[in-house]
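First comes the structure, then the notes that go with it.
What follows is calculated from the coordinates using simple rules that are stated; it is not laboratory data. Remember, predicted model here, so these are calculated numbers, not experimental data. With ideal geometry, Cβ positions are generated from the backbone for all residues, glycine too; neighbour counts draw on all protein chains shown.
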Amino acid sequence: MLLLLRHSQFRTFWIAGAFGDVSLLAYFAVHGWLVLQITDSPWWVGISSFLGGLTMVVFSPIGGVVIDRVKKTRAVQVAGLFRGVGAVVIAALIFSDSVQLWHVLLFPLASGITASVRIPGLMALSLDIVGRKRLVSATAARMVSMMGMGVLVPLAVGRLVDGAGMGWAYAVMAAGDLISVAVLTLVNPPDRKRTDKSSPFKDLKEGAMFSLKSPLVRTLLGAILLNELFGWSHEPMLPVMARDVLGMGATGLGNLLAAGSLGAAATSVVLSSFENPRRKGVMLVAGMFGYGFFLLMFSLSRSVPLSLAALSLAYGTAIVYETVVNTMLQTGVPYNMRGRVLSFQSMLWGVTGMTGFHTGALATFFGAPLAVGVGAVIVMLNAVRLIPRASGVEREAEIASDELGEEVSRPSAVSDE
């Protein structure tokens, strides 16, 4: 976190990201609950999540091409404005008692389009601003923002929904996005102009081929895919777990999300104190296995305190492997390819939402705990599968980073140091 004190441009960027995180986390905290209120069906909760994930999967490769071709701050601002306007519309519909299921199902589509640009854009901007050597610290500091807001926002909006109504939660989403857009105008990282004039389709194909041919990128994206498909599939079912398994309301769901984010924030604070930690391969495998193990404990728990503790530990260990993967992907690819490679990562994150389809079906027929527990076991097996590759992945990342050298290490000149 010392980076925030030493680097003024990164500090401004971090604040902009934090306001965007308010909107994102408010969405995660209440949108599934809104669908559950309207339909009383785990299936429709899953479908809502599926639509958002599908949009991310479809649009993320396009978002990566956009990030590599235009000014990154401008692209992220347009995406945030689009999402903020959508939140205003949903809030107005709720306040006027006009909201219907189809309105609620359209919002995840807008959110997915926004995320397909915003996620790779923010990750790429981190490296532009701080440089390669401080990227682990910067990535962890961004995680502190997201997870710190992940503690505060669900607690606040859960109580806001119970006390004042659902519409105010969407007003908070809109405010977060619009303030983030405004603050981002103050961020001016180095803007390296592209010299080639290739077509967007060629750019997309080039990014896909690079991701498939690079052993490092292929291994990391493969690990992410399995984790998103089976581990993070628990997210769409959290409203169902809260209401039907643990007997909670909207405030209780907010407590669950806050507990997970608290664990992740604590880990992020620790990681942010290390500029370039060693043994990243071990961190990758250990973090992944720990995430699966504690998620399994969460699925087996019927006690609210134990569930809160298990989810906190699960998210805390997940941040370890997430930070390592983000760092390796950014430092191990050429500058003009980063947007596209990171977009494939965000595309795989979209798979999380799509898993609402199969987890919703499993929860409907067999119960949400089984749906979550099966995914947790698969995550643990995925970690075991990567043990023989752990040291090799770390070496490949170091070699690729050294070969790229200054191409990816020149930070923003705006620093307080």
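Assorted remarks:
- Size of segment 239-316 as Cα extents on the principal axes (Å, biggest first): 43, 21, 16
- Lysine-lysine proximity count for the chain, Cα under 30 Å, sequence distance 8 or more or distinct chains: 26
- In order along segment 89-104, the Karplus-derived 3J(HN,Hα) couplings, from 6.51 cos²θ - 1.76 cosθ + 1.60 at θ = phi - 60°, round to 4, 5, 4, 5, 5, 5, 4, 8, 6, 10, 5, 10, 4, 5, 5, 5 Hz, and Gly and Pro are given as x.
- On Cα atoms only, tilt of 390-404 relative to the major axis of the chain in degrees: 50
- Gain in span if fully extended, residue 43 to residue 279, counting 0.36 nm per residue against the direct Cα distance: 80.8 nm
- The sum of -39500 (n - 2.57) across all DSSP H runs of n ≥ 4, divided by the residue count of the chain, sets its helix-only mean residue ellipticity at 222 nm to -27000 deg cm²/dmol.
- Per-residue ³J(HN,Hα) for segment 202-214, Karplus 6.51 cos²θ - 1.76 cosθ + 1.60, θ = phi - 60°, Hz, x for Gly and Pro: 5, 4, 5, 5, 4, x, 5, 5, 4, 5, 6, 8, 6
- Between the Cα long axis of helix 8-39 and the first principal axis of the chain there is an angle of about 30°, rounded to the nearest 10.
- Sorted by Cβ density within 10 Å, fewest first, the residues 39, 331, 12: 39, 12, 331
- Look at [x] 1.07; [y] 0.99; [z] 0.92: the one that is Cα Rg over 2.2 N^0.38 Å derived from this structure is [z].
- Label positions at residue 213 and residue 201, each projected 7 Å from the Cα along the C-beta direction, are separated by 2.0 nm.
- Most mobile of 96, 299, 111 in a GNM of the chain (Cα contacts under 10 Å): 96
- Degrees separating the helix 304-331 axis from the principal Cα axis of the chain, which is the longest one: 20
- Taking amide H as placed 1.01 Å from N in the peptide plane, the amide H of residue 7 sits under 5 Å from that of 416, each at least 5 places away or on another chain.
- Cα centroid separation, segment 224-257 to segment 1-54: 14 Å.
- Ranked by how many other beta carbons lie within 10 Å on average, peptides 236-247, 19-30 from highest: 19-30, 236-247
- Cβ crowding within 10 Å, taken as a proxy for footprinting-reagent exposure, orders 381, 295 from fewest neighbours to most as 381, 295.
- Whole-Hz Karplus values for segment 258-270 come out as 5, 4, x, 5, 4, x, 5, 5, 4, 5, 5, 4, 5 Hz, taken residue by residue from phi with 6.51 cos²θ - 1.76 cosθ + 1.60 and θ = phi - 60°; glycine and proline positions read x.
- Spin-label model, residue 69 to residue 159: label points 7 Å out along the Cα-to-beta-carbon direction sit 4.7 nm apart.
- Residues 278, 340, 6, 11 arranged by fewest to most Cβ contacts within 10 Å: 278, 6, 11, 340
- Among 86-95, 146-155, the order from most to least packed when residues are scored by Cβ within 10 Å on average: 146-155, 86-95
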